[in-house]
Amino acid sequence: MLLPSKAEVTRQLRRYRTWERMMLASPADRAVRTAFEDSGYTLCVLMGKRCAREAADAAEHFLGPLGTAALPQEPALVDTAVR
């Protein structure tokens, strides 16, 4: 079985969590909801899961105890995706 790179899993998990927070803060914003759903779909494909929540859990398990704290933050994620 092929495994994704930890850097890519970290990047996509951070993206998913960022959009999740934004969607919870602005549930009526269609652009935010679409970006959140897109990030969940990408994480599902990457982790081989059918549900975004399962994919996020699998990504966290795959990354181990340090999780996403091991790599630096990705700048300007929200600015580039909302436009």
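With every protein chain left in place, what is the accessible area of R53 in Å² (1.4 Å probe, nearest 10)?
Only protein atoms counted, so the area is about 110 Å².
Subtracting the Cα-Cα distance from 0.36 nm times the residue separation, let me have the gained length for L2 to H61 in nm, one decimal.
Additional length available on full extension: 19.6 nm.
Using each residue's phi in the range 17-34, evaluate 6.51 cos²θ - 1.76 cosθ + 1.60 at θ = phi - 60° and report the 3J(HN,Hα) Karplus result to the nearest Hz, with x for Gly and Pro.
5, 4, 5, 4, 4, 5, 5, 5, 7, 9, x, 8, 7, 5, 5, 5, 4, 5
Mind giving me the nanometre distance, one decimal, between the label points for R30 and C51, set 7 Å out from Cα along Cα→Cβ?
2.8
When Lys and Arg each count +1 and Asp and Glu each count -1, what net charge do the other residues less than 13 Å away from E37, Cβ to Cβ, add up to?
Here the count lands on +1.
The values are calculated or read from the model by the stated rules, or taken from the named source; none is laboratory data. If you're wondering where the values come from, they're calculated on a predicted model, not measured in any experiment. We place every Cβ from the backbone using ideal geometry, glycine too, and count neighbours over all the protein chains shown. To get the accessible areas, we keep the full protein, side chains included, count just its heavy atoms, and leave off ligands, DNA and RNA. Shrake-Rupley method; radii C 1.70, N 1.55, O 1.52, S 1.80 Å.
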